[in-house]
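Q: Quick one: structure below, then a few questions.
The values are calculated or read from the model by the stated rules, or taken from the named source; none is laboratory data. Just so you know, these numbers come straight off a predicted model, no measurement behind them. All Cβ positions, even for glycine, are placed from backbone atoms using ideal geometry, and neighbour counts span all protein chains on display. Note: areas computed on protein heavy atoms with side chains; ligands, DNA, RNA excluded. Shrake-Rupley method; radii C 1.70, N 1.55, O 1.52, S 1.80 Å.
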Amino acid sequence: MLRKDFGKSLVLTSHKVLLGLSQDHLKRFDYGLLEANTLAAFLRMQEAAKRDDIHITPCSTFRSFQAQQAIWDQKAQGRRVLLNKNNQAVDIQGKTDDELIDLILLWSALPGTSRHHWGTDLDVFDNQAIKPENLQLIDTEYHINGPCYPLSLWLQEHAQQYGFYLPYQAGLSGVSPEPWHLSYFPLANTLLAQFNLQHLTQMIEQSDIQLKQALLPRLTHIVDDYVLRVAPPP
């Protein structure tokens, strides 16, 4: 059950929450930080899955603007592997700034637009089916014959009962399908409705993010396609 005062406090601080600038609403657990209601719901779901021999394990929870920018900058600079839509490594030499932006956005959010900023979203795998060091977070790991396929099936059947769903689905989202990405929709929906392009623009302008000059004129499109365009919640 949500705290009675949650909606009011969310309105007052939503721009900081949405941009990954606040941790005041988060609670720490063994795998990172999540919003308190999200964490409680996740732990209930995790326990239920364990009874079915499914071991839901977070591999990414809350991520700050700064942490997301580090990922973005490393990819833009070629210090982190860039993958195309077929999960194949791409050589960035000779790529234009716009081409680099498009490639990064396939699998990584622009800082300030990541749902991981909110504390309502997390990436999961089954740590009894695949070791963390072998996990790549690619879709084949969650498809038939993949180590996390049983987890994927369990989530499709049961996640909604605990308030979770998959926001990134084929044909329904600008972001590539991510069968590992769960969102706690009772709160995520509220936050999404409050997303503010002006606040994001100001944050990007004030940052030292890579590819900034190419990003600024594209922010409206990026928000429309990669933030607002998600699979409809249950």
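Q: Look at residue 112 and say whether it is closer than 30 Å to residue 207 by Cα, among the small types (Gly, Ala, Ser) and either open to solvent by less than 20 Å² (accessible area, probe 1.4 Å) or in a helix (DSSP H, G or I) (or both). Working first, answer last.
A: Numbers: closer than 30 Å to residue 207 by Cα: yes; among the small types (Gly, Ala, Ser): yes; either open to solvent by less than 20 Å² (accessible area, probe 1.4 Å) or in a helix (DSSP H, G or I) (or both): yes.
Taking the combined requirement at face value, the residue satisfies it.
Q: Looking at this structure, is residue 171 at positive phi and either open to solvent by 70 Å² or more (accessible area, probe 1.4 Å) or of a type in the set (Ser, Thr, Tyr) (or both)?
A: Details: at positive phi: yes; either open to solvent by 70 Å² or more (accessible area, probe 1.4 Å) or of a type in the set (Ser, Thr, Tyr) (or both): no.
No, not satisfied.
Q: Also, I was wondering about something else. Of everything in segment 130-147 that's among the β-branched types (Val, Ile, Thr) and either without any contact (Cβ under 8 Å) to a residue 12 or more places away in the chain or touching a helix residue (DSSP H, G or I) at 6+ places or on another chain (Cβ under 8 Å) (or both), which residue is surrounded by the fewest Cβ atoms within 10 Å (Cβ to Cβ)?
A: For segment 130-147, the residue satisfying everything is 144.
Q: Quickly run through segment 178-206 and pick out the residues that are assigned to a loop (DSSP other than H, G, I, E, B) and surrounded by 16 or more Cβ atoms within 10 Å (Cβ to Cβ). Before you say what the answer is, go through the steps one by one.
A: As a first pass, look at segment 178-206 and keep what is assigned to a loop (DSSP other than H, G, I, E, B): 178-180, 194-196.
Scanning segment 178-206 gives 178, 179, 180, 195.
Q: Would you point out the residue of segment 92-109, among those that are of a type in the set (A, V, I, L, M) and part of a loop (DSSP other than H, G, I, E, B), that is farthest from residue 168 (Cα to Cα)?
A: 92
Q: Another question, then. Taking segment 178-193 as the region of interest, how many residues are under 23 Å from residue 150 (Cα atoms) and either touching a Pro at 6+ places or on another chain (Cβ under 9 Å) or at pLDDT below 95 (or both)?
A: If we filter segment 178-193 for residues that are under 23 Å from residue 150 (Cα atoms), which is where we start, we get 178-185.
Okay, now just the ones that are also either touching a Pro at 6+ places or on another chain (Cβ under 9 Å) or at pLDDT below 95 (or both), so 178, 181-183, 185.
Of the residues in that region, 5 qualify.
Q: Next question. Among (1) within 30 Å of residue 96 (Cβ to Cβ); (2) open to solvent by 20 Å² or more (accessible area, probe 1.4 Å), there is one condition residue 150 misses while meeting the rest; what is its number?
A: The single condition residue 150 does not satisfy is (1).
Q: Can you name the residue in segment 24-39 that is at pLDDT 95 or above and surrounded by fewer than 17 Cβ atoms within 10 Å (Cβ to Cβ) and, of all such residues, is nearest to residue 154 (Cα to Cα)?
A: Residues of segment 24-39 that are at pLDDT 95 or above, as a first pass: 26-39.
Next cut, surrounded by fewer than 17 Cβ atoms within 10 Å (Cβ to Cβ) only: 27-31, 36.
Values: 27: 26, 28: 26, 29: 23, 30: 22, 31: 21, 36: 24 Å.
Restricting to residues being at pLDDT 95 or above and surrounded by fewer than 17 Cβ atoms within 10 Å (Cβ to Cβ), the top hit is 31.
Q: Please go through segment 86-109 and give me each residue that is closer than 18 Å to residue 64 by Cα, aliphatic (A, V, I, L, M) and open to solvent by 10 Å² or more (accessible area, probe 1.4 Å), ordered by number.
A: Within segment 86-109, 109 is the sole residue that qualifies.
Q: On to the next question. Could you tell me whether any residue of segment 64-85 is open to solvent by 20 Å² or more (accessible area, probe 1.4 Å), among the charged types (D, E, K, R), modelled with pLDDT of 95 or more and closer than 18 Å to residue 183 by Cα?
A: Among the residues of segment 64-85, not one is open to solvent by 20 Å² or more (accessible area, probe 1.4 Å), among the charged types (D, E, K, R), modelled with pLDDT of 95 or more and closer than 18 Å to residue 183 by Cα, which makes the answer no.
Q: Evaluate the following for residue 220: is it open to solvent by 40 Å² or more (accessible area, probe 1.4 Å), modelled with pLDDT of 95 or more, of a type in the set (Ser, Thr, Tyr) and not in a loop (DSSP other than H, G, I, E, B)? Spell out the reasoning first.
A: Numbers: open to solvent by 40 Å² or more (accessible area, probe 1.4 Å): yes; modelled with pLDDT of 95 or more: yes; of a type in the set (Ser, Thr, Tyr): yes; not in a loop (DSSP other than H, G, I, E, B): yes.
The answer is yes for residue 220.
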